Amino acid sequence: MAERPENRVFGKRAQQHVVILASGDRIRHMTVRPWMVAVTFCFAGMFTVGYLAATSYLVLRDDLIGATMARQARMQHDYEDRISALRAQVDRVTSRQLLDQQVVEEKVEKLMQQQLALSARHGKLDALLNRAENAGAAPLTDETPAVDGRRADAAGAIDAIMGGAGGTPKKTAALAYAATGESVADRADRLFSKVTLSLKDLEHDQIDRIQSLTAGASETADAIRTILRRTGFDVTVEAADDDSETAIGGPFVEPVDVTDPFEASINDLDTALDRLDTARRTARKLPFGNPSPASSITSRFGNRTDPFLGRLALHAGIDFRARTGTRIGATGAGTVVVAGRNGGYGNMVEIDHGNGLTTRYAHLSRVLVKVGQRVEATTPIGLSGTTGRSTGPHLHYEVRRNGKALDPMRFLTAGMKLTTYMD
C-alpha cells in the first residue's frame, strides 16, 4: 500500500484517523478524512435540528391550534359585530322610512281636512255671496293663492309631497345614506308648511273680504236707517210691526262654534245683510218716490195765502206744475183706498202704504186705478188736471201718517238720498 504524502499543519505532520473493520479473516480499514467528519457532523446537526423542530411542533401544536382557533373566533366575532351593526343600520333606515311615511300620511290627512274645510266654507259662502251681490256689494273672488306656481289646494300639495300619483311616497335608497339629502319627512314638512301658510293666507283673505262686505253692508244699513229716522220712521219698529216679513221658526238646534274667526265673520255678514235687507225692505214700502219727476214744484208745504179766500191757510201738501194729461205715478207700494171724486180735492187717489202712512194725489183729470187695487212704486194711478178746488192744471200731493199731514219734501229728499243705497 503506497504511502501518501504527509500532511503538515504549521510544520507538524497531521495524524490521520483510520477505522479498521474486522470480520472473520477479513480486515478492512478506512481512513477518516476531514471532509467525512464534516459531512457526518452536518448530517448529525440537520437530524438534531429536525428532531428538535418536530419535537417542538408536537409539543407546541396544541398552543398553535388554540391560538389559531382564538384568532378565527375573534375574526368571526368581528364579522358578527359588523353584521349586527349593518342589520341595526338597516333597521334604523327601515324604521325611519316607516316613520317618514307615517308623517307624510298625517300631513296628507291634515291637508285633506283643510281642503274639506275650505270646500265646506265655499258652500256656506255661496248663499251669502249671492245675497251680497244682490244687495249691491262686490262679490268675493274665488281665487286660491299660488304655491310654487300652482294653486294652493290639497290635491296639488299632496302630489308634491307624495312625489307623484298612486298615493305612495317615493322610495329611494339614498334617503338614509345621503349625508346632506332631504328626507321625505323634511320635504313633507317644508311643502306642508308652505301650503298651510298659503291656505292661512287664503282664509285671512276671505275673512278680510267678508269683513269688508260686512262693514259695507252695515254702513249702508245705518245710512238707510238714519235717512228713515229723519222722516220719522224706525226700521226696527217698522219691521217688527210686519208679521209677514218676520215670521220665522223651526226646531231648536245647538249653535255652531262661533269662536272660529271664519264662522264669526260669516255670522256677522249674515246679520249685516239681514239688517240691510230689512232697511231696504222698509224703505221700499214707504212713499219716497216722485209722483211727477218731470214737473217743477210751484207751492210747498206749510202756511200760505189761500188763492180763493186771500187769507192765511195751511197747505197740507206740495203742488207740481203739470199740464193736463200728465201721467202721475205712485210714490210707493200700497193699496188704493180712495179712487174718485172727493170734495175740494176733485178726482183723487189715496194709497195706504201701511203703518198708518198714506199718500194723496188730487185734482186729477182721470183716475186709472180702483179701490182695493195693489200698486207698486211708479205704477200709473191717474192723469193730472184741474178738478176740484184748483186754479189751473197741477198735481196736489200729500203725505199723511195716522191722518196727520207731513211735509212731502222730507220724503222726496230722503228718496233722492236713498237712490244711492237702494240699487
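For an R0 of 51 angstrom, estimate the FRET efficiency from the Cβ-Cβ distance between Ile83 and Gln16 and round to the nearest 0.05.
It comes to 0.10.
Per 0.36 nm of contour for each residue apart, how much would the distance between Lys417 and Leu116 grow if the chain were fully extended, relative to their Cα-Cα spacing?
The span from Lys417 to Leu116 would gain 103.9 nm if fully extended.
Give me the percent of the accessible area of region 284-338 that comes from carbon and sulfur atoms, probe 1.4 Å, all protein chains in place.
Within region 284-338, the accessible surface is 51 percent carbon and sulfur.
I'd like the accessible area for Lys200, computed on protein heavy atoms only with a 1.4 Å probe and all protein chains in place. Round to 10 Å², please.
Roll a 1.4 Å probe over it and Lys200 shows about 100 Å².
Within a Cβ distance under 12 Å of Gln211, other residues only, what is the Lys/Arg minus Asp/Glu net charge?
The answer is -2.
Provide the gained length on full extension for the span Asp205 to Ala67, in nm with one decimal, where the gain is 0.36 nm per separating residue minus the Cα-Cα distance.
Between Asp205 and Ala67, full extension yields 41.7 nm more.
Just to be sure I understand the model, the point goes 7 Å from the Cα along the line to the Cβ. What's the resulting Val49 to Thr324 distance in nm?
Label-label distance for Val49 and Thr324, simple model: 16.4 nm.
Over every pair of different alpha-carbon atoms in region 42-104, take the mean of 1/r and invert it; report that Kirkwood radius in Å.
With all distinct Cα pairs of region 42-104 included, I get 16.2 Å.
Filter the trypsin sites (Lys or Arg not before Pro) in region 41-83 down to the DSSP loop ones having no more than 12 other Cβ atoms within 10 Å, then list what survives.
Taking region 41-83 and a limit of 12 other Cβ atoms within 10 Å, no loop trypsin sites (Lys or Arg not before Pro) are found.
At a probe size of 1.4 Å, how large is the accessible area of Glu106, to the nearest 10 Å²?
110
Can you tell me the equivalent ellipsoid semi-axes for region 335-414? Use √(5λ) from the Cα gyration tensor, largest first, whole Å.
Equivalent-ellipsoid dimensions as semi-axes: 19, 15, 12 Å.
Met36: accessible area at probe 1.4 Å, nearest 10 Å²?
For Met36, solvent-accessible area is about 60 Å².
Using modelled backbone amide H atoms (1.01 Å from N, in-plane), which distant-in-sequence or interchain residues come within less than 5 Å of Arg366's amide H?
Leu383
Got a sec? What order do Asp91, Asp25 fall in by accessible area at 1.4 Å, biggest, i.e. largest, first?
Accessible-area ranking of Asp91, Asp25, largest first: Asp25, Asp91.
Pull out the extension gain between Arg389 and Thr305, defined as 0.36 nm times the separation in residues minus the alpha carbon to alpha carbon distance; nm, one decimal. Spell out each step's value before the answer.
Values: separation 84, 0.36 × 84 = 30.24 nm, distance 1.44 nm.
Taking 0.36 nm per residue and subtracting the Cα distance, the gain is 28.8 nm.
In a Debye calculation with equal point scatterers on the alpha-carbon sites of region 280-358 and no solvent, what is log10 I(q)/I(0) at q = 0.20, 0.25 Å⁻¹?
-1.14, -1.35
At what distance in nm do the modelled label points of Thr40 and Met75 sit from each other, each positioned 7 Å from its Cα along Cα→Cβ?
4.9
The values are calculated or read from the model by the stated rules, or taken from the named source; none is laboratory data. Nothing here was measured: the structure is a model prediction, and the numbers come from that model. Neighbour counts are summed over all protein chains in view; Cβ atoms, including those assigned to glycine, are modelled from backbone coordinates with ideal geometry. Each accessible area value is taken on the protein alone, full model and side chains, heavy atoms only, with ligands, DNA and RNA left out. Shrake-Rupley method; radii C 1.70, N 1.55, O 1.52, S 1.80 Å.
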